[in-house]
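Accompanying notes for the structure given below.
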């Protein structure tokens, strides 16, 4: 199986897509990290202003180590901004910070998909740790039933990733609109912000495609889809 060309046929293009999406995100972030905002707000200041505009006063904004490690934690109401975002005055920093503030606004307004995604976190964690190895074990022991069981477990990851798509797209849409409406960036700076957030959104699409093709590959190899069973 480790030399199975079917794996590269099914999963290879998805992995290339993921690598391209990751490269595009880092490239756009690097480019627009060099473009300073005309208003001169840092990422943390932009996030704070966006939260205030949304009537939110109970969310903490903290610096977080790493690069592109930005996230919002609904359970602690903490908006963590990475070092290249928190104190930087670039279009990229403001875009990312406003995107994460968008998640906080989703939480405050009880945006449905965000709640569903939060509820799916435990099962997605189990699916990512267990599902793949159950599918692999099913192939090794030539058991289509075990492969299907593993696919069902791993599907928790796929479901989580699918629900994540509207959550991320909505947060970006809120960020793009509210950043301009509230004067955090000027209209002529919107293009740079769009490029950063649109590139980041593609990484979530790539994750869905990669997980979907992984499940399809194992089901095909087990003979559950597309014909008879093939030996590993």
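We did not get these values from a lab; they are worked out from the coordinates using the rules stated. Bear in mind the structure is a predicted one, so any value in this text is a computation, not a measurement. In this analysis, Cβ positions are derived from the backbone assuming ideal geometry, glycine residues included, and neighbour counts consider all displayed protein chains.
Test of understanding: in a Gaussian network model of the chain with alpha carbons linked when under 10 Å, which of 52, 221, 117 would top the mean-square fluctuation ranking?
52
Looking at region 5-221, send over the antiparallel percent of its DSSP beta bridges, to the nearest 5.
If we restrict to bridges inside region 5-221, about 45 percent are antiparallel.
So how long is each side of region 18-79 along the principal axes, counting just the alpha-carbon atoms, biggest first, in Å?
Cα spread of region 18-79 along its principal axes, largest to smallest: 37, 31, 20 Å.
How large is the Kirkwood hydrodynamic radius of region 122-232, counting all unique pairs of alpha carbons, in Å? Walk me through the intermediate numbers first.
Details: mean 1/r = 0.0624 Å⁻¹.
For region 122-232, inverting the mean 1/r across all distinct Cα pairs yields 16.0 Å.
Sorted from fewest to most neighbouring beta carbons within 10 Å, what does the list 35, 157 look like?
On the way: 35 14, 157 24.
Starting with the residue having the fewest Cβ neighbours, the order is 35, 157.
Determine the equivalent ellipsoid of the chain by diagonalising the alpha-carbon gyration tensor, then write out the semi-axes as square roots of 5 times the eigenvalues, largest first, rounded to whole Å.
Working: eigenvalues 312, 72, 33 Å².
Ellipsoid half-lengths, sorted descending, are 39, 19, 13 Å.
Measure nothing fancy, just the Cα-based angle from helix 43-53's long axis to the longest principal axis of the chain, in degrees from 0 to 90, nearest 10.
The angle comes out near 80 degrees.
Tell me the relative contact order for the chain as a rounded percent, counting alpha carbon contacts under 8 Å between residues six or more apart.
Relative contact order, the chain: 26 percent.
Take 140, 105 and order them by how many other Cβ atoms sit within 10 Å, fewest up front. Could the numbers behind the result be given before it?
Working: 140 11, 105 24.
Exposure proxy ranking, most exposed first: 140, 105.
Sorted from fewest to most neighbouring beta carbons within 10 Å, what does the list 49, 191 look like?
Numbers: 49 21, 191 10.
Neighbour counts put them in this order, fewest first: 191, 49.
Picking from 161, 188, 88, which is most flexible by a Gaussian network model of the chain using Cα springs under 10 Å?
Taking springs between Cα atoms under 10 Å, the residue moving most is 188.
Could you give me the radius of gyration and the Dmax of region 41-145, taking only the C-alpha atoms into account and expressing both in angstrom?
Over region 41-145's Cα set, Rg and Dmax evaluate to 18.4, 59 Å.
Can you show me the helix-derived [θ] at 222 nm for the chain, built from DSSP H runs with n ≥ 4 at -39,500 (n - 2.57) apiece and divided by the number of residues, rounded to the nearest 500. It would help to have the intermediate numbers written out before the result.
Working: 9 runs with 155 residues, N = 232.
Roughly -22500 deg cm²/dmol at 222 nm, from the helical runs in the chain.
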